[in-house]
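Q: I'd like to ask you about the structure that follows.
The values are calculated or read from the model by the stated rules, or taken from the named source; none is laboratory data. Everything quoted here is computed from the prediction, not taken from an experiment. No Cβ is skipped: glycine too gets one built from the backbone with ideal geometry, and neighbour counts run over all protein chains shown. Surface accessibility is based on the protein's heavy atoms, side chains included, excluding ligands, DNA and RNA. Shrake-Rupley method; radii C 1.70, N 1.55, O 1.52, S 1.80 Å.
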Amino acid sequence: MGGRFRVETGCRVALTGVTAPLEIDGHACAANAAHRADAGAEIRIGAASDGVWGYLALSGGIETAPLMGARATHLRAGLGRALEAGDSLPLGATDPQAPCLALGGPLPDESGPIRVVLGPQDDRFSDEIRARLSDAEFTVSSKRDRMAMVLDDVTLPAEYGHDIVSDGTVPGSIQVPASGQPIVLMAESQTTGGYAKIATVIGPDLLRLAQMATGTQFRFAVLTRDEAEEALIAARGAEAERLAALRPQAATRLTSEFLLGCDLVGGVWPGDEVVP
């Protein structure tokens with residue numbers, strides 16, 4: 001649902017992750033681009049029209065005291081607390097002359113099935129159930145958070161038992177408990193689990209799955225390990241290209257600071273030279 005924020009020191013801000021209205025002091029601003037917010041400016045973010053998780057980036061970062069090497073809040077583990085109205089967060093140092101960058105073009109329209117690699121316990125499932133994984137249409141349920149996502153409409157019973165000796169899990173692991181209802185582990189997943197894992201969502205597609213709204217229907221597609229590695233290499237290459245293509249964006253409100261940062265002179269000639 002967004003929110004309302006006030007910056008007490010000037011900084012650059014950017015909204016990404018979702019499509020949502022962004023205003024700085026009443027001026028509409030595009031997402032996926034940096035914008036300058038002067039001291040005292042009010043930032044308003046409206047409701048998202050697509051996506052689930054939105055991110056407000058602030059130049060300098062939020063400079064709270066690190067805990068266990070991070071500044072993140074993890075309520076389930078009792079680390080930090082949820083923000084409340086009136087809370088203030090200190091920002092780190094920022095360069096006031098740094099340009100506001102924007103993408104060189106639109107983000108790709110990513111669609112299609114969510115790609116997975118079978119295993120590590122796919123041998124506990126029959127050939128019919130392994131085929132169901134890629135043939136059936138799953139639905140994102142309302143039982144979801146940053147730890148895991150439960151899927152509806154399709155069950156994946158394990159012919160040789162769902163319980164295993166606990167072993168390592170990673171974000172993207174698709175665990176299947178005794179109910180047969182698959183559970184995809186997400187960004188804040190636990191590190192071990194005792195349910196059979198029929199497959200693992202590849203890294204680039206886990207981000208896309210996380211942004212699917214509750215009720216969204218989708219399919220899985222099974223890749224080989226080599227295909228999954230190629231997909232990861234391609235995703236990293238595309239990200240590097242997008243970062244390399246970042247360009248300073250034109251200011252919607254011309255300020256002395258902006259103009260002084262621009263190259264407004266096309267060339268210089270001696271006064272006695274005839275210019276054709």
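Q: What residues have an amide H closer than 5 Å to that of G51, excluding those fewer than 5 places away on the same chain, when H is modeled at 1.01 Å from N in the peptide plane?
A: A213
Q: Give the relative contact order (percent, whole number) for the stretch 94-228; include only Cα pairs under 8 Å separated by 6+ residues.
A: Contact order relative to length: 34 percent.
Q: Take the alpha-carbon centre of the stretch 138-186, take the same for the stretch 102-123, and report the distance between them in whole Å.
A: Here the answer is 18 Å between Cα centres.
Q: Let me have the 222 nm mean residue ellipticity of the chain computed from DSSP H runs of 4+ only, each contributing -39500 (n - 2.57), with the sum over all residues rounded to the nearest 500.
A: -4500 deg cm²/dmol
Q: Using a 1.4 Å probe, how large is the accessible area of T64, given in Å² and rounded to the nearest 10?
A: Here the accessible area works out near 40 Å².
Q: Now for a different question. Put +1 on the Cβ of each Lys and Arg and -1 on the Cβ of each Asp and Glu in the chain; which of L75, G168, L22 then has its Cα farthest toward the positive end of the dipole?
A: L75
Q: Right, here's the next one. Could you give each residue of the stretch 147-160 its phi-based ³J(HN,Hα) in whole Hz, using Karplus coefficients 6.51, -1.76, 1.60 with θ = phi - 60°, and x for Gly or Pro?
A: Along the stretch 147-160, the couplings run 8, 7, 10, 8, 9, 9, 6, 9, 10, 10, x, 8, 4, 9 Hz.
Q: While we're on this one: Sorted by packing (mean other beta-carbon atoms within 10 Å per residue), highest first, where do 55-63, 110-118, 90-98 land?
A: Top of the packing list down: 110-118, 55-63, 90-98.
Q: How high is the relative contact order of the chain? Use alpha-carbon pairs under 8 Å, at least six apart in sequence, and give a whole percent.
A: 17
Q: Can you pull the percent of the chain's accessible area that's carbon plus sulfur, 1.4 Å probe, other chains left in place?
A: Percent of accessible area from carbon and sulfur atoms in the chain: 55.
Q: Is the shape of the stretch 60-136 best called rounded, prolate or oblate, per the rule: a/c under 1.5 gives rounded, else a/b larger than b/c gives prolate, else oblate, with a ≥ b ≥ c the square roots of the Cα gyration tensor eigenvalues?
A: oblate
Q: Here is a further query. With θ set to phi - 60°, apply the Karplus curve 6.51 cos²θ - 1.76 cosθ + 1.60 along the stretch 216-232 and write out the HN-Hα couplings as whole Hz, x wherever there is a Gly or Pro.
A: Computed from phi, the couplings for the stretch 216-232 are 5, 9, 7, 10, 9, 10, 8, 10, 6, 4, 5, 5, 5, 5, 5, 5, 5 Hz.
Q: Same structure, new question: With a ≥ b ≥ c taken as the square roots of the eigenvalues of the C-alpha gyration tensor of the stretch 116-219, please select rounded if a/c is under 1.5 and otherwise prolate if a/b is larger than b/c or oblate if it is not?
A: Note, shape of the stretch 116-219 comes out oblate.
Q: Residue separation times 0.36 nm, minus the C-alpha to C-alpha distance between E188 and E227: what's the value?
A: Net length gain for the segment: 11.5 nm.
Q: Now, a different point. Could you check which residue among R71, R132, R219 shows the biggest mean-square fluctuation in a GNM of the chain with a 10 Å Cα cutoff?
A: R71
Q: Around L79, with a cut-off of 15 angstrom between Cβ atoms, what is the net charge of the other residues, counting Lys and Arg +1 and Asp and Glu -1?
A: For residues surrounding L79, the net value is +3.
Q: Using amide H atoms built 1.01 Å from N in the peptide plane, name the residues 5+ places from S126, or on other chains, whose amide H lies under 5 Å from its own.
A: E159
Q: Another question about this same structure. Please state the shape class of the chain: rounded when a/c is under 1.5, otherwise prolate if a/b exceeds b/c and oblate if not, all from the C-alpha gyration tensor.
A: prolate
Q: Hey, can you find the accessible area per residue of the chain for me, probe 1.4 Å, expressed in square angstrom?
A: 61
Q: A follow-up question, please. By how many nm would the segment from T73 to A213 lengthen if fully extended, with 0.36 nm per residue of separation less the alpha-carbon distance?
A: Stretched fully, the T73-A213 segment lengthens by 48.1 nm.
Q: Using 0.36 nm per residue of separation minus the Cα-Cα distance, give me the extension gain between A136 and Y160 in nm, one decimal.
A: Between A136 and Y160, full extension yields an extra 6.5 nm.
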